[in-house]
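Single-structure report; data block below.
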Amino acid sequence: MKPLHHFSAVELTESFQKGEVSATEIAEYFLERIEKHNSDLGAFLTVFEPRMLQKAKELDEKRANKEPLGRLAGVPIAIKDNTHVQGEITSCGSKFQEGYRAPFSATVVRLLEEEGALLTGKANLDEFAMGSSNENSAFYSVKNPQDPTRVPGGSSGGSAALVGAGLSLIATGSDTGGSIRQPAAFCGIVGYKPTYGRVSRYGLVAFGSSLDQIGPFAANVGDIALSMGVMGRFCEKDATSLELPQEHYPLSQDLSNVVFGAPYHYLEGLRDDVKENYLASLEKLKSLGAQVVDIDLDILKYSLAVYYILSTAEASTNLARFDGIRYGKRAQTESLDAIIDRSREEGFGAEVKRRIMLGTYVLASGYQNAYYTKALKVRTRIVDAFETVFNTCDAIAMPVAPSGAFKAGTIREPLQMYLQDIFTIPANLAGLPAISVPSGLCQEGMPLGLQIVGPQLSDTSVIQYGYAFEKAVSPLPKGAFYE
Amino acid sequence: MRYPRLPMEDLDRKTLDYLKRLCRIQLTDAEEKDLGQSLKNILEYMEFLKEVDTEEVEPCYFVLQGLQQEHQREDVPGTPLSRETFLANAPDQIGGMVRIPPVMGGE
């Protein structure tokens, strides 16, 4: 039998259900891998050793008793540490929340556990999901499993790195402006941001509520389909959850009659090697029977400015609750006012402070029309532009990020870091489903991704297109941690 | 459309102090220097939006227009988490409540 971390989640649960491997063996195997690699990789903030072994024991007993096991039975899955798992720490990568134990589980966590998932632990992230390199974690930064001198991307960098290194087969992430897709591309794995409202946000610590969406990471698209079949459910505890029938995400390699839009003009200025890889990806789509047409999405050049107004405005409001009074780290001082000011000073890192201040600025009396309302109107124009484009194509194919994973410590200017998200932000602004699938290597030998974006609710098609594309690309090298 | 004069050149100590008050955040000297400059750069970048024509365009507050069903739960009490559960993360508590320093004068 091949090593367990070389199994897909689909294969592993099948193998467990057939009795070829026990859940306890799976749990022990992955705990050992985590123990061996996490101190070098930094991908986990918490490891659920007792919880995992207990769950494995229950699964083995269920199997022995021939009880129903669930679609994810025995699959090791990590949870981004801004999502609640009852009784476990939710740090959000912040000193403010160090030691905070979740009083309830997020809906996605409940759904995964109900289907028999073995939760492995909590994945490191940029503080409050604000960052594109995982260098903003208050605890330690995550390394890219393909090259530890490079970043894994962010903000769900821990989730991407631990799947890339084979420390879990699936991980959850949250994607506000690219936080699933960009790290997936950087680590050479698949990341999926569902249609806004497809996956419940209940139990996710909010960053930009109109943009945040939880989604899965996996080594292959088949496992994304498996996990979305479990996670994509209506939830009455999330006011923006869509009441839709549960999807099953069938997979097929046929792309005949599928039309992809390529926003060539918007992509001018792309680095040569990234452009070459992108054009080669379009050729692969064509070789699978798809048609590729030129589309006009020039309005997307305003996405970044719109995003950093709206997401910071929403963040400044969402993070107002962190005051050191009811939970979180309380500064030791004399007065109530000083507690709030000092707790926030000591608890938040520099990037979080920057975004709260920016968000407060754009909402401040006198500036709100110039920034916030203006951005909301440009958002309408972006949503409309996508709608128009989807009259002429079924999905859009574009790069995930302007480069492959960069060296840690090399991007210091915040605006330069924000530009990492330039191709991923538009899907969040319009609430669209988007998948990032490995597409080859850049000139430095790091993975690149192709992003496929579909209309709202086209999750099934986007995942299917991603599957077809994945089958046409030669598998990428996995890096030293994986072997 | 007319824009208020943005205090770009005066994203100075006065503006930062005002923002700090609104955000309830104190900054170290190093953070203040770094933040002042980066906020200025980011706000300058955002000026770019002015060139987009948004006459007659409605603001987009919510992206799921038309997709979301009207669902409101029954107006019946649920089972909330217990007081102990809520208080388990409180930094300080007394008699089943969150404890804070006195807010009235001592005399």
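The values are calculated or read from the model by the stated rules, or taken from the named source; none is laboratory data. Just so you know, these numbers come straight off a predicted model, no measurement behind them. Cβ: placed from backbone, ideal geometry, glycine included. Neighbour counts: every protein chain shown. Calculation scope for accessible area: heavy atoms of the full protein, side chains included, ligands and nucleic acids excluded. Shrake-Rupley method; radii C 1.70, N 1.55, O 1.52, S 1.80 Å.
Quick check on my link table: of A:LYS407/B:LYS33; A:LYS329/B:LYS50; A:LYS18/A:LYS478; A:LYS18/A:LYS193; A:LYS95/A:LYS143, which ones sit more than 30 Å apart, alpha carbon to alpha carbon? Intermediate results must be reported in sequence, preceding the final value.
Numbers: A:LYS407/B:LYS33 26 Å; A:LYS329/B:LYS50 41 Å; A:LYS18/A:LYS478 28 Å; A:LYS18/A:LYS193 32 Å; A:LYS95/A:LYS143 20 Å.
A:LYS329/B:LYS50; A:LYS18/A:LYS193, as the Cα separations exceed 30 Å there.
With Cβ to Cβ distances under 13 Å as the rule, what net charge do the other residues near A:MET357 carry (K, R +1; D, E -1)? Each step should come with its number before you reach the end.
Details: positive: A:ARG344, A:LYS353, A:ARG354, A:ARG355, B:LYS20, B:ARG21, B:ARG24, B:LYS40; negative: A:GLU345, A:GLU351, B:ASP17, B:GLU31, B:GLU32, B:ASP34.
Result for the neighbourhood of A:MET357: +2.
Enter the buried accessible area of the A/B pair, total of both sides, probe 1.4 Å, in Å² rounded to the nearest 100. Don't jump to the answer; show the numbers that get you there.
On the way: alone 18370 and 10940 Å², together 23450 Å².
The buried area between A and B, both sides summed, comes to about 5900 Å².
Starting from 0.36 nm per residue, how many nanometres of slack lie between A:LEU244 and A:MET1 once their C-alpha separation is accounted for?
Values: separation 243, 0.36 × 243 = 87.48 nm, distance 3.98 nm.
Taking 0.36 nm per residue and subtracting the Cα distance, the gain is 83.5 nm.
Which of the residues in the stretch B:76-107 lose at least 20 Å² of accessible area when you go from the chain alone to all protein chains together (probe 1.4 Å)?
Residues losing area: B:LEU81, B:THR85, B:ASN89, B:PRO91, B:VAL98, B:ILE100, B:PRO101, B:VAL103.
Compute accessible area for the stretch A:365-385 by itself and then with all protein chains, 1.4 Å probe, and report residues whose area falls by 40 Å² or more.
Listed in order, they are A:TYR367, A:ALA370, A:TYR371, A:LYS374, A:LEU376, A:LYS377, A:THR380, A:ARG381.
Placing +1 on the Cβ of each Lys and Arg and -1 on the Cβ of each Asp and Glu in the stretch A:1-100, which of A:GLN97, A:ILE34, A:ALA64 has its Cα farthest towards the positive end of the resulting dipole?
Farthest towards the positive pole: A:ALA64.
Could I have the simple spin-label model distance between B:VAL103 and A:PHE104, label points 7 Å from Cα toward Cβ, reported in nm to one decimal?
It works out to 2.6 nm between the two label points.
About the Cα centre of the stretch A:376-422, how large is the charge dipole given +1 on each Lys and Arg Cβ and -1 on each Asp and Glu Cβ? Please answer in debye to the nearest 20.
240 debye
What is the antiparallel percent of DSSP beta bridges lying wholly in the protein assembly as shown, to the nearest 5?
So the antiparallel bridges amount to about 70 percent of the total.
Quote the charge dipole size of the protein assembly as shown about the Cα centre in Debye, to the nearest 20; the model charges only the Cβ of Lys and Arg (+1) and of Asp and Glu (-1).
640 debye
What list of ³J(HN,Hα) values in whole Hz, one per residue of the stretch A:434-450 in order, does the Karplus curve 6.51 cos²θ - 1.76 cosθ + 1.60 (θ = phi - 60°) give from phi, with Gly and Pro shown as x?
8, 10, 10, 10, x, 10, x, 10, 8, 5, 7, x, 9, x, 10, x, 9
Would you mind finding the longest exposed-site-free stretch of chain A, with exposed trypsin sites (Lys or Arg not before Pro) meaning DSSP loop and at most 10 other Cβ atoms within 10 Å? Don't skip to the answer; put the middle values down first.
Details: sites that count: A:LYS66, A:ARG412.
Between exposed loop sites, the widest span is A:67-411.
Would you mind getting the accessible area per residue of chain A, heavy atoms of the protein chains only, 1.4 Å probe, in Å²?
Values: 15540 Å² over 483 residues.
For chain A, the solvent-accessible area averages 32 Å² per residue.
Go through the stretch A:335-343 residue by residue and turn each phi into a ³J(HN,Hα) via Karplus (6.51, -1.76, 1.60, θ = phi - 60°); whole Hz please, and just put x for glycine and proline.
Coupling constants for the stretch A:335-343: 10, 4, 4, 5, 4, 5, 4, 6, 4 Hz.
In nm, to one decimal, how far is the A:ALA338 label point from the A:ALA64 one, both placed 7 Å along Cα→Cβ?
Output for this residue pair reads 6.0 nm.
Accessible area of chain A with a 1.4 Å probe: how many percent of it is carbon plus sulfur?
Numbers: 7460 of 15540 Å².
Answer for chain A is 48 percent, counting heavy atoms of protein chains only.
Of A:VAL259, B:VAL98, B:VAL76, which has the most accessible area with a 1.4 Å probe, and how do the rest follow in descending order? If you can, show how the numbers build up before the last one.
Working: A:VAL259 25, B:VAL98 50, B:VAL76 85 Å².
Heavy-atom accessible area, descending, gives B:VAL76, B:VAL98, A:VAL259.
Answer with one residue from A:GLY349, A:GLY158, A:VAL462: the one whose Cα lies farthest towards the positive end of the charge dipole of chain A, charges on Cβ with Lys, Arg +1 and Asp, Glu -1.
A:GLY349
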